[in-house]
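The values are calculated or read from the model by the stated rules, or taken from the named source; none is laboratory data. Everything quoted here is computed from the prediction, not taken from an experiment. Cβ placement follows ideal geometry from the backbone for every residue including glycine, while neighbour counts extend to all protein chains displayed.
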Amino acid sequence: MAHGKSYKAAITRRPSQPSQPRQALELVKSMATAKFDETVEVAFNLGVDPRQADQIVRGTVVLPAGTGKKVRVAAFAQGDKAREAEAAGADLVGGKELIAELAAGRALDFDVAVSTPDLMAEVGKLGRILGPRGLMPNPKAGTVTMDVGQAVTEFKGGRVEYRTDKAGNLQTIIGKVSFAVEDLERNLAVLTGEIVRSKPSSSKGRYIKSLTLSSTMGPGIEIDLGAIEGLVELSH
């Protein structure tokens, strides 16, 4: 992949040694040169074997400063639960009729889908449509719940989902470059604390093998792993 002049200029400022979290965040902000408000992304490499079901690290966490991103939420719910979802601001709400429309080719114009448990047998029929796009509701991700109103509120307000890939990498977002460094650091701390607490009991050796921050168009800045404990303490 070819990089532009701005990226090449930024990469010359990247430290040769891992940085402390706040220093890394300041660098990420200063090296974001795009004409839009770039997203601040975090990437963990974890010492787990995702081929083992008990070593998949997956869940959700509510970032205290939000994500800065407008999140469109679809809610599969009926009756009172549908009304709860609507009141919470869900962008798309429906039961079997909505499922049928999506199965027939309706556009997937949403970023997150939540569902009440009673509709999952029907939602499951959309597996080939929702699955490849990461939109299938799942209890471990907090997207299959009777508290659909709360789930909608949290996802629209700063709740993010995380999951390791086949190589043990976990990537998500912690805000925008326009955020104050303090807010980005707080979001990073809460996410890191959640990842640490999600360590599978069967995982042996070093758990967090690397932690890197970047903006959408900027180079990655590696975090000093000695700072992990401090981030976890800050997350409380």
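Overview of results
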read-out: Residue that is farthest from L108 (Cα to Cα) [pool: residues in region 129-143 that are assigned to a helix (DSSP H, G or I) and of a type in the set (G, A, S)]; value: A141
read-out: K35 assigned to a loop (DSSP other than H, G, I, E, B) and under 15 Å from the mean Cα position of the chain (by Cα); value: no
read-out: Given (1) within 30 Å of A189 (Cβ to Cβ); (2) in contact with a helix residue (DSSP H, G or I) (Cβ under 9 Å, 6 or more places away or on another chain); (3) outside any strand (DSSP E or B), index of the condition K81 fails; value: (1)
read-out: Test: residue in region 182-199 that is of a type in the set (K, R), assigned to a helix (DSSP H, G or I) and either surrounded by 15 or more Cβ atoms within 10 Å (Cβ to Cβ) or not assigned by TED's automatic domain parsing to the domain that holds S115 (or both); value: yes
read-out: So M146, is it over 18 Å from G59 (Cβ atoms) and assigned to a loop (DSSP other than H, G, I, E, B); value: yes
read-out: Complete set of residues in region 154-174 that are surrounded by 21 or more Cβ atoms within 10 Å (Cβ to Cβ) and either touching a helix residue (DSSP H, G or I) at 6+ places or on another chain (Cβ under 7 Å) or part of a strand (DSSP E or B) (or both); value: R159, V160, T164, L170, I174
read-out: Test result for F76, of a type outside the set (V, I, T), surrounded by 22 or more Cβ atoms within 10 Å (Cβ to Cβ) and over 25 Å from A189 (Cα atoms); value: yes
read-out: Selected residue [in contact with a Phe, Trp or Tyr (Cβ under 8 Å, 6 or more places away or on another chain), touching a residue at least 24 places away in the same chain (Cβ under 8 Å) and either outside any loop (DSSP other than H, G, I, E, B) or buried (at least 16 other Cβ atoms within 10 Å of the Cβ) (or both)] from A113, A151; value: A113
read-out: Candidate set from region 202-236 (those that are hydroxyl-bearing (S, T, Y) and over 20 Å from P64 (Cα atoms)); member that is surrounded by the fewest Cβ atoms within 10 Å (Cβ to Cβ); value: S202
read-out: Output for region 158-215, where each listed residue is in contact (Cβ under 8 Å) with a residue 60 or more places away in the chain and basic (K, R); value: R159, R163, K166, K176, R186, K199, K204, R206, K209
read-out: Of residues in region 119-138 being at negative phi and of a type in the set (G, A, S), the one nearest to the chain's Cα centre (by Cα); value: G131
read-out: Which numbered condition V181 misses (of (1) β-branched (V, I, T); (2) within 16 Å of the chain's Cα centre (by Cα); (3) closer than 21 Å to P18 by Cβ); value: (2)
read-out: Which numbered condition N45 misses (of (1) closer than 30 Å to I221 by Cβ; (2) outside the structural domain of K209 (by TED's automatic domain parsing); (3) not aliphatic (A, V, I, L, M)); value: (2)
read-out: Residue under evaluation G105, criteria (1) assigned to a helix (DSSP H, G or I); (2) of a type outside the set (V, I, T); (3) surrounded by fewer than 13 Cβ atoms within 10 Å (Cβ to Cβ), criterion not met; value: (1)
